[in-house]
Amino acid sequence: MTEPATEPATKSMTKSLTRATPLPCRALFLLPLLVFAVVAGYFLWGLVTDRNPNLVPSALIDKPAPTFDLPPIEGFDRPGLATADLGNGEVALVNFFASWCLPCRAEHPFLMDLAEDGGVRVLGIAYRDRPEDTRRWLGRFGNPYERVGVDDRGRTSIDFGVSGVPETFVIDRTGRIRYQHIGPLMASDIEDKILPLIESLSE
Amino acid sequence: MAILALVLGLLVPAGAAAVLPDEVLEDPVLEGRARDLSQLIRCLVCQNESIDTSNADLARELRILVRERLTAGDSDQEVLDFLVARYGDFVLLRPRMTPANYLLWFGPLLLLLIGLAGVVLYFRRRLPRPAQGLSAEEEAQIARLTGQDRESE
């Protein structure tokens with residue numbers, strides 16, 4: 001008599017036991033999908049964004065410019081460059097260049113423009129170059145630099161963490177390095193990075 | 001024996017050093033340290049070569065710099081720190097452990113732990129559950145249900 005009554009009761013009980021798998025455990029099945037999404041996203045980021053894997057991350061940002069004192073180019077009418085010429089309440093660009101460097105030729109017109117009306121001091125360091133070559137190069141294409149130091153062995157360039165020419169540093173009014181640009185400055189670099197930075201540092 | 005020597009010789013990569021004679025230090029101990037250090041320093045021009053094997057001008061200057069600093073009495077670590085201060089960790093061919101790359105160093109261990117946790121969870125769920133007696137509440141429920149059934153009969 002009692003049997004038919006107890007049966008449905010035990011049935012529903014076993015049912016509730018198997019259903020007891022906690023929800024977080026079920027969500028674990030989604031984990032492989034999640035891992036796949038993260039990995040795929042990472043690869044996509046590497047493929048799609050136009051970042052340059054050859055860029056060396058800068059180590060000197062927000063540090064004071066290194067100590068150096070470079071002589072002027074022989075027979076050229078601009079003084080040399082030293083740490084003491086940086087800072088002094090004015091924002092400055094320090095551009096590493098060489099007459100033998102083709103990309104330097106490409107960025108040269110932009111430096112001329114910046115020197116003319118960029119609201120910034122444009123300073124140069126001639127990297128591993130012969131004085132007569134630098135002189136001829138600047139004579140031929142024009143001289144954007146207020147001062148030019150000669151780094152004939154590249155030691156000052158090593159102190160700046162320069163790995164090749166051209167490279168350009170933005171130095172703030174207190175003589176700290178605020179930005180390092182590796183490679184030639186193009187119009188977009190100047191408009192998007194250099195000019196806004198100079199403006200904010202000059203305020 | 002000759003074959004063994006040949007195999008061993010092939011296993012050791014031939015040092016295609018770019019060190020020029022005028023760079024070599026007179027003190028063989030210092031020169032040895034300089035060579036060992038140079039193999040740990042990345043040539044920033046070629047990027048996948050050490051300054052010991054690179055012919056780039058920058059690599060040559062860095063080799064000379066390393067030797068100058070060693071001669072001046074720097075320890076190996078001081079020389080590496082000198083370069084890292086200028087070029088960042090990227091200049092080291094053997095990466096250091098820093099907070100910025102903890103994930104890189106410990107990531108595999110982390111994945112292993114996650115995997116282990118997954119396995120443990122999976123098997124714990126598959127184990128037969130030990131039979132548990134009914135709780136007092138369940139007993140009461142049965143009593144109530146069966147009692148009700150009896151009453152309704």
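The values are calculated or read from the model by the stated rules, or taken from the named source; none is laboratory data. This structure is a prediction, so every number in the text was calculated from the model and none was measured. Heads up, the Cβs are rebuilt from the backbone with ideal geometry, glycines too, and the neighbour counts pull from every protein chain shown.
Okay, here's what the table says:
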item: Residue ID - modelled with the lowest pLDDT, chosen from residues in region B:121-138 that are away from chain A (no Cβ under 12 Å) and part of a helix (DSSP H, G or I); result: B:A136
item: Test set (1) under 20 Å from the mean Cα position of the chain (by Cα); (2) on the phi < 0 side of the Ramachandran plot - A:G175 fails condition number; result: (2)
item: Any hit, region A:151-165, residues being at negative phi and more than 14 Å from every other protein chain (Cβ to nearest Cβ); result: no
item: Candidate set from region B:36-54 (those that are surrounded by 21 or more Cβ atoms within 10 Å (Cβ to Cβ) and within 11 Å of another protein chain (Cβ to nearest Cβ)); member that is modelled with the lowest pLDDT; result: B:L44
item: Counted residues, region B:62-88 - those being more than 15 Å from A:D159 (Cα to Cα) and in contact (Cβ under 8 Å) with a residue 12 or more places away in the chain; result: 4
item: Residues within region A:116-135 that are away from chain B (no Cβ under 14 Å), surrounded by 19 or more Cβ atoms within 10 Å (Cβ to Cβ), outside any strand (DSSP E or B) and not hydroxyl-bearing (S, T, Y), tallied; result: 3
item: Within region B:55-82, tally of residues that are part of a loop (DSSP other than H, G, I, E, B) and away from every other protein chain (no Cβ under 12 Å); result: 5
